[in-house]
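A quick write-up on the structure given underneath.
The values are calculated or read from the model by the stated rules, or taken from the named source; none is laboratory data. Worth saying up front: this structure is predicted, and the values here are computed from it rather than measured. Please note: Cβ atoms are built from the backbone with ideal geometry, for glycine as well, and neighbour counts cover all protein chains shown.
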Amino acid sequence: MQNLNTSKIVSLLLLFFLVLSCSDYRDLNDIERAEEEVELAVPLVNTEFEVSDFTGENAPENVSIRVDQDDRVTLIYNGDVVRQPVAEIFPPVPFFGVQLEDTSFTVPIPFASDQRVDRAIFGNSKFSVGFTSEFAEDIDVKLTIPQLSKDGNIFEMDLTIPYTGSLPNEYNSEFTSVEDWVLISEDNIITIIYDARLSDGTRVKFDDAFLIFDLVTFDYIEGYFGSEVFDIQGDFIAIGVLDNWVSGGLSFEDPKVKVFVENAFGFPVRSIFKKMQVVTTTGEFLDMESDVIDNNVDFNYPSLDEIGQIKITEFSFNRDNSNIVDLFKEKVVRVTYDIDAGANPDMDESITGFVNEDSYFLVNVDVELPLEGTVNNLVLQDTVDLDMSDFEDVISAEFKNVITNDFPADVTLQGYFFDGNNVLLDSLFKERLLLPAAEVNPATGRTSEGADVITFEDFEEGRFENLKSGKKILVNVKINTQQASSGPLWIYNDYGVRFKIGAKLKTKY
Amino acid sequence: MQSIRLIGMIVAMSISSFVQAQNLHYYFIDNVFQRSYFNPALDNKGNITIASGLGLDFNTNGPSISDVTTRKPEGGLIISASDAIAAMNDVNDIYGYSSVNTLDVSVNTPFVRISAGHAWKAQAWMQYTKDLAEFVTNGNAAFVGETMNLAPQLDYINYNEVYLGLQKSFGPLNVGVRIKRLSGVEAIRTENHKIDLTTSDDIYQLTVDSDFEIRSSRAFDYTDIENFNLDVEAFSFDNFMQNNGGWAFDFGASFNVGDRLELTLSAVDIGGLDWDVDPKIYRSNEVQTFDGIDVSEYISSDDEFVILDSIEALLDLVETNEAFNTSLPTKLFLGGKFKISDLWSVGALVQTNGSGDRRSSVIVFNGTARLYSFLSVGVLYSYRSSNLSNIGLNISLNAGPVTGFLSTDNIFRIGSFDSTFSNLRAGLSIRI
């Protein structure tokens with residue numbers, strides 16, 4: 001110890017440990033967190049509904065659009081294509097058997113009595129014969145069917161019935177195909193002849209003989225097919241425009257129901273309209289009235305020298321030949337139809353027709369709605385389920401809406417929130433949101449691009465809390481073209497409505 | 001909410017780091033083995049030495065605890081993220097270091113002095129932006145029409161080392177070397193630090209422009225912004241001498257000019273680790289925008305709206321399993337001590353620490369009084385760019401072959417929540 005005295009040293013050390021002892025850290029035993037407020041600004045919806053959204057992968061399956069050279073839009077609701085092949089018009093003759101009561105026995109071919117088959121080519125049809133022999137030796141059998149021929153040869157088949165060592169000796173042949181063999185029979189019959197010989201050449205007759213066909217099909221038939229009515233399956237076409245109609249009117253200037261028929265059967269066929277109706281939003285069925293229905297339509301068909309060709313017939317129900325314009329004023333949601341085909345409607349037996357394995361009827365019915373018309377205070381309404389769980393922590397929100405309307409129609413919009421007991425909680429907008437119609441250029445009839453309508457909707461703390469029990473929202477849209485034009489207006493392909501919604505969501509933690 | 005977790009992570013890191021300290025005092029304490037941590041050539045006294053030590057360090061240029069908290073009248077603290085933000089710089093750093101020198105043994109042989117030992121070390125450096133703190137605390141609504149810089153930077157390693165050291169004196173010249181076998185416990189390191197979030201002033205469309213990478217071994221798992229796990233170990237022997245291996249070297253020399261002046265130069269922790277246990281690299285390098293849900297896509301669809309998923313997908317970190325390596329922050333020391341009298345000695349030490357562009361330097365000046373044969377007290381002034389007024393104290397006690405010391409920086413604010421840096425070093429050695 002030279003220049004410092006002990007007291008100074010002790011003081012220095014005390015200071016050192018005093019400083020250490022004056023720690024703030026004892027406060028760390030009791031820490032609380034201050035409440036913080038977070039406000040996130042996020043985009044919610046950014047979407048544009050264009051006319052083309054009625055088509056594409058997200059549109060209802062049965063809708064397409066057609067845009068003409070002037071960019072005008074026609075909605076096309078496609079019905080299912082009904083295709084009926086030959087097997088449904090002329091079903092195959094199922095399994096059948098006949099007892100051969102003699103060595104030459106005639107079997108009828110099951111055609112209708114008013115049908116005349118001049119010539120037929122078997123499809124993949126097979127037959128088998130069976131005999132019961134009482135002879136204790138092998139027997140040779142020749143089977144002949146004179147009505148069947150191929151390449152100038154009559155159908156013949158040789159069989160040997162082997163003796164099995166016991167009697168009676170029962171024998172069943174393998175199934176034999178007659179595919180491609182040609183049947184020519186004026187009386188719609190075939191004759192089965194069997195010639196059975198013992199080893200010494202003696203011809204014998206079996207006590208029991210039979211023939212069975214597993215399935216009789218024809219690849220080609222030529223003749224007269226009578227005046228049968230072929231049932232072509234009916235169908236309906238859903239028109240989705242007014243699924244959610246509540247009130248108001250929608251008028252189309254020129255709606256059409258178009259029928260397209262393909263026919264590969266080679267005989268005259270005439271339409272038989274069993275049903276052609278529209279179903280309205282109220283469930284009412286209204287009949288289409290038209291000369292087309294009264295007079296029927298003869299379908300084109302290929303002649304004998306046009307075998308393999310497909311003939312097309314098109315006709316429509318429109319404002320010139322039917323009451324369709326009036327029907328569509330009744331808020332149509334569905335078009336139903338059932339069209340049959342009557343063969344040889346004039347019963348002219350001199351017309352020789354044909355059917356082959358590729359013959360079919362195809363009927364396709366479409367509804368075309370050219371989007372030219374008027375909308376008079378049309379109110380559409382739909383309910384959408386809600387899941388507010390994403391907003392569980394949100395205490396208040398401010399929504400910013402940027403909406404643009406290119407259509408020549410005023411659109412007003414409101415949403416209503418309901419809880420699980422259908423109790424109204426609140427509305428989406430304090431004031432019903434108005435999207436004014438875009439201005440129509442009188443010279444072109446088209447609108448200019450709509451202006452952005454920017455609104456803010458504030459859901460303050462109590463109001464937003466109230467919405468958290470919401471389970472569904474009812475969206476109510478009202479559309480009116482009267483302010484834009486008193487007459488009908490076309491909808492053009494580039495019209496659209498753009499919705500952009502962002503939100504500032506506030507929460508505390 | 002995730003923001004709470006992020007804030008908690010930052011605050012927890014700050015608080016926990018307050019109990020960490022690394023200081024340079026013990027370079028100036030005579031006759032302690034721990035001087036050789038600075039320079040292997042300084043293990044040059046006694047025949048047999050056994051030693052152990054503890055080091056902790058914390059340093060931030062961001063808010064202190066007192067900036068983050070307010071005292072309740074009845075005692076205790078209220079911690080406030082908003083208060084912390086108010087005290088932040090645009091860019092803030094937090095540095096933490098802790099080490100446990102479990103056991104050091106040094107034996108002087110006729111030819112060379114041989115030493116061996118084990119230490120566990122963990123060091124972390126994190127840089128975060130005020131924008132990031134604002135975003136997780138208050139959201140982005142106040143930044144409509146602006147771009148926020150959200151990318152944090154993090155470099156954290158936790159490892160064990162086992163070393164073998166050799167020291168030889170040639171008259172006044174002492175030289176030493178240590179070879180360290182490293183065994184990594186865990187690591188996290190970020191690369192390419194760009195995550196820019198722009199909020200449009202239209203309907204608040206969000207755009208994330210990212211060029212960002214996180215590398216991890218065992219410490220970080222990421223599924224999405226809502227589901228990630230950051231789990232760091234304290235003192236740990238996990239993986240010891242198995243995987244995550246590496247090597248490092250210390251080199252040093254000292255020169256005595258007479259009995260009064262000692263000059264030293266050393267390079268410590270030259271080496272690195274290869275991280276191959278559960279290695280994961282998460283990368284994002286793209287511009288992603290969320291404009292809002294296109295409702296037309298949901299017409300005739302049973303799919304649910306996915307707003308939250310879409311926002312979370314803005315930062316899409318793609319995971320790959322790739323081993324990676326990290327360098328240890330190499331430290332260079334240049335120092336000297338001058339013995340004025342039997343009572344007083346003075347000294348200075350320059351340290352530069354880090355790797356690449358993450359390097360910081362400090363210069364310290366020391367005055368030590370040997371009050372008794374068994375008691376010395378030292379005062380140290382350090383100068384670094386982030387802090388110009390750091391006064392530290394150290395004390396060492398000697399009882400026969402046993403010497404212990406305790407030292408700390410920032411003595412005027414030690415134990416105070418105003419402090420933005422603090423450290424502590426304690427050591428014990430037995431020298432025969």
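Computed values, structure above
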{"item": "Flag for B:Ala187 being among the small types (Gly, Ala, Ser) and not in a strand (DSSP E or B)", "result": "no"}
{"item": "Residue selected from the range B:37-59 under the condition surrounded by fewer than 22 Cβ atoms within 10 Å (Cβ to Cβ) and of a type in the set (S, T, N, Q), by the criterion farthest from the other protein chains (Cβ to nearest Cβ)", "result": "B:Asn47"}
{"item": "Single unsatisfied condition, A:Lys478 versus (1) under 24 Å from A:Phe391 (Cβ atoms); (2) buried (at least 17 other Cβ atoms within 10 Å of the Cβ); (3) basic (Lys, Arg)", "result": "(1)"}
{"item": "Of all residues in the range A:485-497 being assigned to a loop (DSSP other than H, G, I, E, B) and crowded, with 20+ Cβ neighbours inside 10 Å, the one that is nearest to the other protein chains (Cβ to nearest Cβ)", "result": "A:Tyr495"}
{"item": "Condition met for A:Pro92 (surrounded by fewer than 18 Cβ atoms within 10 Å (Cβ to Cβ) and modelled with pLDDT of 75 or more)", "result": "yes"}
{"item": "Qualifying position, being more than 24 Å from B:Arg178 (Cα to Cα) and not β-branched (Val, Ile, Thr), among B:Ala122, B:Ala116, B:Ala141", "result": "B:Ala141"}
{"item": "Near pairs, Cβ below 7 angstrom, 6+ apart or cross-chain, from the range B:63-76 (more than 10 Å from chain A (Cβ to nearest Cβ)) to any residue that is part of a loop (DSSP other than H, G, I, E, B) and surrounded by fewer than 18 Cβ atoms within 10 Å (Cβ to Cβ)", "result": "B:Pro63/B:Ala87; B:Ser64/B:Asp418; B:Asp67/B:Ala87"}
{"item": "Residues of the range A:371-393 classified as of a type in the set (Val, Ile, Thr) and within 11 Å of another protein chain (Cβ to nearest Cβ), total", "result": "1"}
{"item": "Residues (out of contact with any Ser or Thr (no Cβ under 6 Å at 6 or more places or on another chain) and within 14 Å of chain A (Cβ to nearest Cβ)) located in the range B:207-239", "result": "B:Val208, B:Ile225, B:Glu226"}
{"item": "Search result, residues across the range B:318-351 that are surrounded by 15 or more Cβ atoms within 10 Å (Cβ to Cβ), touching a Lys or Arg at 6+ places or on another chain (Cβ under 7 Å) and not in a strand (DSSP E or B)", "result": "B:Leu343"}
{"item": "Qualifying residue in the range A:278-299 (condition: without any contact (Cβ under 8 Å) to a residue 60 or more places away in the chain, over 21 Å from A:Pro345 (Cα atoms) and over 27 Å from the mean Cα position of the chain (by Cα))", "result": "no"}
{"item": "Residues being crowded, with 16+ Cβ neighbours inside 10 Å and either under 21 Å from A:Thr455 (Cα atoms) or in contact with a strand residue (DSSP E or B) (Cβ under 6 Å, 6 or more places away or on another chain) (or both) - total across the range A:387-405", "result": "12"}
{"item": "Answer from A:Lys472, A:Lys500 - the residue that is away from chain B (no Cβ under 14 Å) and not β-branched (Val, Ile, Thr)", "result": "A:Lys472"}
{"item": "Enumerated strands (runs of 3 or more DSSP E) restricted to the range A:144-261, each holding at least 3 residues that are of a type outside the set (Asp, Glu), surrounded by fewer than 17 Cβ atoms within 10 Å (Cβ to Cβ) and touching a residue at least 12 places away in the same chain (Cβ under 8 Å)", "result": "A:189-197, A:245-252"}
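Rundown of residues vs (1) free of Cβ contacts under 8 Å to residues at least 40 places away in the same chain; (2) within 20 Å of B:Thr326 (Cβ to Cβ); (3) polar (S, T, N, Q), yes/no style:
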residue: B:Phe135; (1), (2), (3): no, no, no
residue: B:Leu150; (1), (2), (3): no, no, no
residue: B:Glu161; (1), (2), (3): no, yes, no
residue: B:Arg178; (1), (2), (3): no, yes, no
residue: B:Asn192; (1), (2), (3): no, yes, yes
residue: B:Asp202; (1), (2), (3): yes, no, no
residue: B:Ser216; (1), (2), (3): no, yes, yes
residue: B:Tyr222; (1), (2), (3): no, yes, no
